[in-house]
Each structure stands twice: as C-alpha cells, then as structure tokens.
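Written below as structure tokens is the structure these notes are about.
The values are calculated or read from the model by the stated rules, or taken from the named source; none is laboratory data. Predicted model, so just to flag it, every value in this text is computed and none were measured. Cβ coordinates were reconstructed from backbone atoms using ideal geometry, including for glycine residues, and neighbour counts include every protein chain displayed. Just so you know, the surface numbers come from the protein's heavy atoms only, side chains and all, with ligands and any DNA or RNA stripped out. Shrake-Rupley method; radii C 1.70, N 1.55, O 1.52, S 1.80 Å.
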Amino acid sequence: MNKMKSGLWLSLSIAATLAVPPALAQSATQLGDTMANFAKCQNQSIGHSEHLMADRIEAKLAQSPALTPEMRTIWLAEIKALRAVTPDSPYKAPDPKNSQRYFLGLTEKEQQSIQTMHARFTQENNVACEKKYGGMTRFSPGSDQSGQKKYEKDLASNMQTPIDIATIPITALASPFPKTIEEQHAERHAQQQARMAQQHAAGAAANQGIVAKVTACQQKLQGLRLSIMADLMQKNMAASTGLSAKDKADYEADIRSVREAAAAGQQTFASADPANPNRAMMRLSLQDQMAMSTEFGTQYAQKMAACQAQ
C-alpha cells in the first residue's frame, strides 16, 4: 500500500512539473536574472564615498608641505586603500589597529559634504536601477506599469540636495597619528579661548556701535527742551490780550532767543534783555514749567527710540 502511494505521488509530481507552461517557466527565469542584475546595479554605489574621500585627502596632501616623509607615506597608503574599494573589494585598512584613520584627514564639514554627495549618488543610481530592472509587473506582458512609474517618479522627486565639497576651502592635512589626551585637552582649551576672545571682540565692537549711536542721537536732541519752551511761550503770547507794541516786541524777542538756541543744539539761551536775564523764564508759569518737563520726557523717549531704530 505504501509503495502504491509513493508511486502515485511521484507520478503526480512529474506530471505537475511537465504541466508548467513554458511562458511561466521563462518568466521565472527572467525574474531570477533580473533580480540578480538589480542587486548588481545597486552595488555600483559601493566605493563611491571612499573614492570621494581619497580625492579630498589627496588634494589636501598637495597643500601640506609641513608633513614629514613618514606622515606623507601614511596618508598615501590611506589614499591607495580607499581608491581600491569596489563592489567586489571591501576596504582594507593599511593599519588594522587604526581602521578609520582616514577620518583624521577630513574636517566635519568635509565629512558631511561627502556623506550628502554619496547619498545623492546612491539615490540617482537607485532610480536608474529601478528603471532598468525594478517592478514585478514587467514580467507580465500587457500588465499596468503605472504603479512602477509612479514609484520611480517619487524616488526622483525626493532626492537629497548634496553639499558640493568643491565649495569647501582645502586646508593642510593634520598628522595621521592620533592625538594624546593631553593634546586633545590643550586643543579644545585653545579653541575655547579663541571663541571667547572672538565673542568678546564682537561684543566690544557692538557696544561701541551702540554707544556711538546713542551719543549721536543725544546730540540731535540737545535743543529739544528749549524748542518745547519756545512753543509754550508762543502759545502764551497768542493767548495774551492787551499787550502793548513794546511788550509784544519784547515777548517776540524772548521767543526768538530761545528758538535760536534750540536750533543750535544748545541747552541754554542768551537773554534778549541782559538787564533782565530771567525775563524769558518769567513768561512761563509754574504749571507751564511742569507741563514742559512732562512733555520733554515724553518726546525725548520717543525721539531717542526712533533715532536708534534708524
């Protein structure tokens, strides 16, 4: 009985295998080949970032005359190892004990730039691979390809904007030997001191500018009190009745002397009547003088703020 069952299952399996349509078998073969090609296509981005780093370190090496021959030999070995990276050949550090020494030759900005440039290259390569090999619908003749096309369009529209490393000035290479703890502390301390000095200088320059602007605004407003005083005197004269021609002329002379002093930016004025130096002030009552002080405080604050905002 068992032998009969085994023979039956074997017959059915053979029949099922023989019954697979040739078109389906061909599609399955194409799918396998395409998936392999797709993976190989995407692997083209392997080594791109290493080559960018090699280019940058080589450019910096040309600008590093202070390096010793020993140091130059080390950097040349790092450049060679980075250039040797391919999809089929991973990075092999010249010094296995210091496998990421090449990062010592790149600043933070350079590393960031290379990272963004590699990301963009990888994205562009991925889109190109999708257009060649992506999507399962390509193996079904006559099927709707719109989904794959939309996917490719979305990939293309969401690409990262890279930071071109050519925009970063090339500086000399540092020593390829790792710094000691003491050297790192000393370097950080020097950087901190430099930042503090820079901030202090910037603050001092800003303060000088503020002081200079405040002084200039104060000079513009030196005659403000006398100008307000002259306006009050003018108002009082206009409200006075029964003034004789001489009284009116004296009043106008007092107003004129105050206005001229105000226009000249002076804080005091010369009396129009030397024999009576207080005559102009007597034109104002105590209430007028209090009002003048209040108005001066209000206008001075407003005009100073407007002047400093310019």
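Note that the chain presents 67 Å² accessible area per residue, ligands and nucleic acids not counted, probe 1.4 Å.
Rg and Dmax, both from the Cα atoms of segment 195-310 and both in Å, are 19.7, 74. Looking only at L106, L224, L76, which one moves most when the chain is put into a Gaussian network model with springs between Cα atoms under 10 Å? Residue with maximal mean-square fluctuation among L106, L224, L76: L224.
Round to the nearest 10 and give me the degree value, 0 to 90, for the angle of helix 48-61's Cα axis relative to the longest principal axis of the chain. Helix 48-61 and the main axis of the chain meet at about 60 degrees. Measuring nothing but how far apart in sequence close Cα pairs (under 8 Å, 6+ apart) lie, relative to its length, the chain scores a relative contact order of 16 percent. Which shape class, rounded, prolate or oblate, goes with the chain when its Cα gyration tensor gives a ≥ b ≥ c as root eigenvalues, a/c under 1.5 marks rounded, and past that a/b bigger than b/c marks prolate? The shape class here is prolate. The length gained on full extension between E260 and Q63, counted as 0.36 nm times the residue separation minus their Cα-Cα distance, comes to 64.1 nm. FRET efficiency for the pair Q219 and T298, taken as 1/(1 + (r/R0)^6) with r the Cβ-Cβ distance and R0 = 22 Å, rounds to 0.65.
At an R0 of 35 angstrom, the distance between the Cβ atoms of A166 and A306 translates into a FRET efficiency of 0.15. When the solvent-accessible area of the chain is split by element, carbon and sulfur atoms take up 58 percent of it, the probe being 1.4 Å. Across D55, D288, D95, mean-square fluctuation computed from a Gaussian network of the chain (C-alpha pairs under 10 Å connected) peaks at D288. Working note: Karplus 6.51/-1.76/1.60 with θ = phi - 60° gives segment 82-91 the couplings 5, 5, 6, 6, 9, x, 9, 9, x, 5 Hz, where Gly and Pro are set to x. Per-residue ellipticity at 222 nm from helix content only, as computed over the chain with -39500 (n - 2.57) for each DSSP H run of at least four residues, stands at -23000 deg cm²/dmol. Quick one: among L243, L226, L104, which has the greatest mean-square fluctuation in a GNM of the chain with alpha-carbon springs under 10 angstrom? Evaluated over the chain, the most mobile residue of the options is L243. The charge dipole of segment 163-282, taken about its Cα centre with unit charges on the Cβ of Lys, Arg, Asp and Glu (plus for the first two, minus for the last two), comes to roughly 260 debye.
The alpha carbon centroids of segment 191-219 and segment 53-107 are separated by 44 Å. Counting charges near A262 (Lys, Arg +1; Asp, Glu -1) among other residues having Cβ under 11 Å from its Cβ returns a value of +1. Here the spin labels are modelled as points 7 Å beyond Cα on the Cα-Cβ line, and at A77 and A275 they lie 10.8 nm apart.
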